[in-house]
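**Q** A single structure is presented below for examination.
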Amino acid sequence: MAKSTSDAKPNLAATSWALLGMLSYEHELSGYDIRKWIEWSMRFFYGSPAYSQIYSELKKLERLELLSSRVESTGGTRNRRLYRITPAGLEAVRKWANESPVDPPVLKHNPLLRVTFGHLTDPARLKEILQEHVAYADDMQRKAAKDAKWAGVEPSWAYAKVALQWAERYYAAERELALKMLKELDEAEAAFADAGIEPGTQIPWPATEYWYEIEKKAEADD
């Protein structure tokens, strides 16, 4: 059971805090409503959890008495469950928003990971991967811009609009970085050719002693 004392600090996953944050407004929301809000905003910068994860976290929060729920009869074949934040939940999420440490963002950039191990493939395939990433970033920029525009119609969405505008700029920058990297692949290909290295083959790798030697030289630059 969650405590409402000032020193209480529920040990929750980031997704749980996000769900509490979405329920910190006045209205009750269904799991479907929450997923739609995530699709409109958070997916641009925090990912989009599956329905199963959302409902699992909602049940956990209700067990902790940070949320309450009720079943609403819709008159159809299926009823829906609506969730509302409790006073203890509101206190907890406010404490989290104001006092909890903010973890630095963790970047998991799959196209860049492929480039890092570009010796395992060929330059043409790498360029194809980056071109697909350019198209993805372009699409996400347009969607973020659209959602930012429509967030502006409602004053209570003002902070969400700021986040969406950031997402629009982020994906614009991501697109430009990918385009630049496409050109830099030619330089990497030329470096391999000059060294007589065949892409897609097992390449000679410097001994670890050499790594540490380079590390010391790099530290000297500081």
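The values are calculated or read from the model by the stated rules, or taken from the named source; none is laboratory data. Values in this document were obtained by computation on a predicted structure and should not be read as measured data. Here the Cβ is made from the backbone with ideal geometry for all residues, glycine too, and neighbour counts use every protein chain on show. With ligands, DNA and RNA removed, areas are computed over all heavy atoms of the protein, side chains included. Shrake-Rupley method; radii C 1.70, N 1.55, O 1.52, S 1.80 Å.
**Q** Taking the criterion of being over 25 Å from HIS27 (Cα atoms), part of a helix (DSSP H, G or I), open to solvent by less than 80 Å² (accessible area, probe 1.4 Å) and of a type in the set (Lys, Arg), would at least one residue in region 172-181 satisfy it? Steps first, answer last, please.
**A** Start the filter on region 172-181 by keeping residues that are over 25 Å from HIS27 (Cα atoms), which leaves 172-181.
Cutting the leftovers down to part of a helix (DSSP H, G or I) gives us 172-181.
If we keep only those that are open to solvent by less than 80 Å² (accessible area, probe 1.4 Å) too, we end up with 172-175, 178-179, 181.
From what is left, the residues that are of a type in the set (Lys, Arg) are 175.
Yes, region 172-181 contains at least one residue that is over 25 Å from HIS27 (Cα atoms), part of a helix (DSSP H, G or I), open to solvent by less than 80 Å² (accessible area, probe 1.4 Å) and of a type in the set (Lys, Arg).
**Q** So which of VAL71, VAL102 is surrounded by fewer than 15 Cβ atoms within 10 Å (Cβ to Cβ), of a type outside the set (Gly, Ala, Ser), touching a Lys or Arg at 6+ places or on another chain (Cβ under 6 Å) and farther than 30 Å from ILE203 by Cβ? Before the answer, list the steps.
**A** Details: VAL102 fails: touching a Lys or Arg at 6+ places or on another chain (Cβ under 6 Å).
Within the list VAL71, VAL102, the selection yields VAL71.
**Q** Just wondering, is there one or more residues in region 111-133 that are closer than 23 Å to TRP40 by Cα, in contact (Cβ under 8 Å) with a residue 24 or more places away in the chain and outside the structural domain of ARG43 (by the TED database)?
**A** Yes - at least one qualifying residue is present in region 111-133.
**Q** Let me ask another. State which residue pairs qualify: first residue modelled with pLDDT under 80 and inside region 200-222, second residue part of a helix (DSSP H, G or I) and not hydroxyl-bearing (Ser, Thr, Tyr) in any location, beta carbons under 6 Å apart, and separation of 6 or more residues or different chains.
**A** Qualifying pairs under 6 Å: ILE203/HIS119.
**Q** Is one or more of the residues making up region 31-49 at pLDDT 90 or above, among the hydroxyl-bearing types (Ser, Thr, Tyr), open to solvent by less than 90 Å² (accessible area, probe 1.4 Å) and not assigned by the TED database to the domain that holds LYS161?
**A** No, every residue in region 31-49 fails to be at pLDDT 90 or above, among the hydroxyl-bearing types (Ser, Thr, Tyr), open to solvent by less than 90 Å² (accessible area, probe 1.4 Å) and not assigned by the TED database to the domain that holds LYS161.
**Q** Further, regarding this structure: Output the number of the condition that ILE54 fails; it satisfies all remaining conditions of (1) assigned to a helix (DSSP H, G or I); (2) under 23 Å from LYS161 (Cβ atoms); (3) touching a helix residue (DSSP H, G or I) at 6+ places or on another chain (Cβ under 6 Å).
**A** (2)
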